[in-house]
Every structure is written in structure tokens, then in C-alpha cells.
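Chemist: Structure incoming, see below.
What follows is calculated from the coordinates using simple rules that are stated; it is not laboratory data. Not measured: the values here are computed from a predicted model. Using ideal geometry, Cβ is built from the backbone for each residue, glycine included, and neighbour counts are taken over all protein chains shown.
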Amino acid sequence: MKLTITTQFQEFILSLGLSMEDLLRRAGIPNLLWKEELVVTDQEYYRLLHEFDLLVTDEQLLAFSEVKNINMFMPPIFAALSAQNGIEALHRFATYKQLIGPVSIRVQALEEVVSVHFSFIYPEQKLPRFALLNEQLLLISLLRTGSGADINPLTISGPFEYGGQIEGYVGAVPEVGEENQLVFKVEDLNRPFLTQNNSMWQYLEPALKNKLAELSAQRSFSSTVQTALFQAIPSGNFSLEEIAHSLGVSPRTLQRNLSAEGTAFNQQLQATQKMLALNYVQNDSLNMNEITYLVGYADPSSFSRAFKKWTGKTISHYKKENTEKREG
């Protein structure tokens, strides 16, 4: 995904006593800030959240979560502030949040209350304190900004201590529990938004929907693992532990994230090796030993057996068929 980090935003980070360059270095992300746009993986983003968590104070967190301090265009915030009321704003924010970060938002509306739950897009990886509290506080700030009213949640909870400063801002006593939750009164969320901008929203909505569709088509943890495998297999360094390390997660987390998508590391490894093999065997400049090595097998006989299992054909038969198709 792409992170837009303008010079203005970097100056805001610096005004809080933080350095974007230092945060990127600590997270192991290449510093390309001169482009004002970073392309990061979901796991790099997750590592960046953890670095913020280690450095940001509660005072900085409150400043970071205030809508008026975000002097840049962020699709989910603009979409929410353009809504007619808080309920519509919550649903828009939840829909477009992933355009600026791999965080999922679940909104549940009941007769008198609406609850909001946050999670990383791979639910086996828990949001660190900074990330969760930033999302919760940002949503409260957004509702207050849009309505012009001092809206407080009925309930705010999460698996962390909130502290006095944050409790004072929220206007409710935080609850410490395993799950995170924000609960608002429906009557508060029905307040009309002073920031409603229907004409601009009609103009931007189609473009945001297209971006969201593109992102959804690209994103899955298994596709992230396959990308890492494509890069690692030809080097011979593609064990579960090595791939997990390259993604910045533990082997257990990698397996659990894949399991949540109904797959496993060995399945992804086999699928990637098959795709590599089908590509390499059509390259007449490569001999069997070279292809065997590039696909990650120890000897040609093992590779040949795997190839026949994948395709139902021997390598020579497969190559012959493809040659005839090209020439025919």
C-alpha cells in the first residue's frame, strides 16, 4: 500500500518531538521521504505502528488523534466529515479506512446504541496500544468536529491502560478488557453534520470506490507470502523461519494468518514453486539442473516428480505440448 507522508505532515511529527526518519529506520523501512510517498507492505506498516507505540506519549497521542491537526487529505476522514450525520460517518470511515492503513473497522448498529470495533486486517496480529487508541480517539474527534457537539462515548474499552489524560479527553471511564469497543448513543450520532458536503462527495465517491476495489483485489496475507517466496526461492533461503523473518513476523504468526485464510505455508510454497517451474521450463536457455535450483529443489529427480504431480505430465511432454501450441 502507499503511504502519503507530505513535508507538512513530517513537520507536524517533528513538532510532537518525533522524527519520521528515525521511525522508518527503527521499523526497517527504506527512507524515501523525498518522494512524499512510501510504498510499504502491510507487515512494514505493522512494524511502524509498534515503533510509534514505543515512542509516543499520551500527550503526543492526543495531538496525533485530533482531526484539526491532520493537515492533509485522508479519504476516510473526508468521506466521514462529508456525511449527513454521525451514523453515516461511521460507516463511511469503516469502508474507506483501508485506503490509508491495513486496519479493519466493524460497526454494529442496535436500536439505541452503535458499537465500533477495530482490528489489524490479519486478526491474529493484535493492534498495539498506540494504534488502537489513535483510532478510537480519532473517531471521537471526527464525530465532535462534524457535529460541532461534545459527543462522548458511552463505553470505551481495550486491552490497555488508558491513563488520566486520555480519560479526561474521552469523557468516559475507560474499561480494560480483552476486546476493544467504542459505544455511542444513536441519538448523538443522529446529530446533523455541520461539515456535510454532498456535492463534493458525489464527485469523489466513484474514485474512492475504484481505489478500494483495486486494493481489495491485491491484498491477502497469502499473496504477501507468495511475493516473499517468489523473491526467496531462487536464492535457496525460503524456509518458514526465513520467510517469517523477512516479513517481520514470527513463524507462528505467519502460520496463523495463513490458517485464517484457509491455507498453510507448505501450500503457498508448492503453489509458488509450481508457478516458477511453469515459467522456467519454457525457457530453452535453462538446463534441467539450473531450473531445479531456481525452483528450490535439491536434485532433478525430485523436481521431476513434483512437476508431474503438479501438471500430470512429464517435463519433456509439457514442453513439447507448449512448443506445438506456439507454433500451431
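Chemist: Let me check against my output: what whole-number percent is the relative contact order of segment 1-55, with C-alpha pairs under 8 Å and at least 6 apart?
Modeler: For segment 1-55, the relative contact order is 44 percent.
Chemist: For helix 221-232, what angle does its Cα long axis make with the longest principal axis of the chain, in degrees from 0 to 90 and rounded to 10?
Modeler: Taking Cα atoms only, the helix is inclined about 50 degrees.
Chemist: In segment 148-248, what GluC sites (Glu not before Pro) fall in a loop by DSSP, with at most 15 other Cβ atoms inside 10 Å?
Modeler: E161, E178, E179
Chemist: Here's something else I'd like to know. In whole angstrom, how far apart do the alpha carbon centroids of segment 4-55 and segment 135-158 sit?
Modeler: Rounded to whole Å, the Cα centres lie 26 Å apart.
Chemist: How high is the relative contact order of the chain, given as a whole-number percent (alpha carbon pairs under 8 Å, six or more residues apart)?
Modeler: Result for the chain is 14 percent.
Chemist: Relative contact order (percent) for segment 221-327, with alpha-carbon contacts under 8 angstrom and 6 or more residues of separation?
Modeler: In percent, rounded to a whole number, it is 24.
Chemist: Still on this structure: Label 7 Å along Cα→Cβ of S104; segment 31-65 residues with amide nitrogen under 15 Å?
Modeler: none
Chemist: Applying 1/(1 + (r/R0)^6) with R0 = 45 Å to the Cβ-Cβ distance of T7 and Q231, what FRET efficiency is obtained, to the nearest 0.05?
Modeler: My answer for the efficiency is 0.90.
Chemist: Projecting each Cα onto the charge dipole of segment 129-221 (Lys/Arg +1, Asp/Glu -1 at the beta carbon, about the Cα centre), which of L215, P192, P174 comes out farthest on the positive side?
Modeler: My answer, from the dipole projection, is L215.
Chemist: May I ask for the distance between the Cα centers of segment 78-123 and segment 261-328, given as a whole number of Å?
Modeler: 45
Chemist: Using amide H atoms built 1.01 Å from N in the peptide plane, name the residues 5+ places from R191, or on other chains, whose amide H lies under 5 Å from its own.
Modeler: HN-HN under 5 Å from R191: G86.
Chemist: Further question: Work out, in µm²/s and without decimals, the Stokes-Einstein translational diffusion coefficient of segment 1-55 at 37 °C, 0.692 mPa s, Rh from Kirkwood over C-alpha pairs.
Modeler: It diffuses with D of about 292 µm²/s by this estimate.
Chemist: Oh, and also: Roughly how many nanometres apart are two label points built 7 Å out from the Cα toward the Cβ at D150 and A271?
Modeler: 5.3
Chemist: Shifting gears a bit: Hey, what's the Cα Rg ratio for segment 221-327 versus the globular rule of thumb, 2.2 N^0.38 Å?
Modeler: Rg over 2.2 N^0.38 Å, computed on Cα atoms: 1.16.
Chemist: Could you state the angle between the C-alpha long axis of helix 315-327 and the longest principal axis of the C-alpha atoms of the chain, as a value from 0 to 90 degrees rounded to the nearest 10?
Modeler: The two axes meet at around 80 degrees.
Chemist: Within segment 1-89, report the GluC sites (Glu not before Pro) that DSSP leaves as loop and that have at most 12 other Cβ atoms within 10 Å.
Modeler: Listed in order of number, the matching sites amount to none.
Chemist: Run the Debye formula on the Cα coordinates of the chain, all scatterers equal and no solvent, and tell me log10 I(q)/I(0) at q = 0.08, 0.13, 0.14 1/Å.
Modeler: The calculated log intensity ratios at q = 0.08, 0.13, 0.14 Å⁻¹ are -0.49, -1.01, -1.12.
Chemist: Also: Stretch A260-Q282 to full length: gain in nm at 0.36 nm per residue minus the Cα-Cα span?
Modeler: Difference between extended and current length: 4.4 nm.
Chemist: Which of K313, K97, K209 moves most in a GNM of the chain, Cα contacts under 10 Å?
Modeler: Looking only at K313, K97, K209, the biggest GNM fluctuation is shown by K313.
Chemist: Check which residues have an amide H placed less than 5 Å from V113's amide H, if you skip close sequence neighbours.
Modeler: Under 5 Å from the amide H of V113: V186.
Chemist: Something else about it: Could you tell me how many degrees, from 0 to 90 and to the nearest 10, lie between the Cα long axis of helix 42-55 and the main elongation axis, the longest principal axis, of the Cα atoms of the chain?
Modeler: 40
Chemist: Using a Förster radius of 35 Å, what is the FRET efficiency between S239 and D22 based on their Cβ-Cβ separation? Nearest 0.05, please.
Modeler: Efficiency, rounded to the nearest 0.05: 0.65.
Chemist: Going by a ≥ b ≥ c, the root eigenvalues of the Cα gyration tensor, does segment 33-168 fall in the rounded group (a/c under 1.5), the prolate group (a/b larger than b/c) or the oblate group?
Modeler: The shape class here is rounded.
Chemist: Determine ³J(HN,Hα), in whole Hz, for all residues of segment 199-212 in sequence, where each value follows from phi through the Karplus function 6.51 cos²θ - 1.76 cosθ + 1.60 and θ = phi - 60°; x replaces Gly and Pro.
Modeler: Karplus values, whole Hz, x for Gly and Pro: 5, 5, 5, 4, 6, 8, 4, x, 5, 5, 5, 5, 5, 5.
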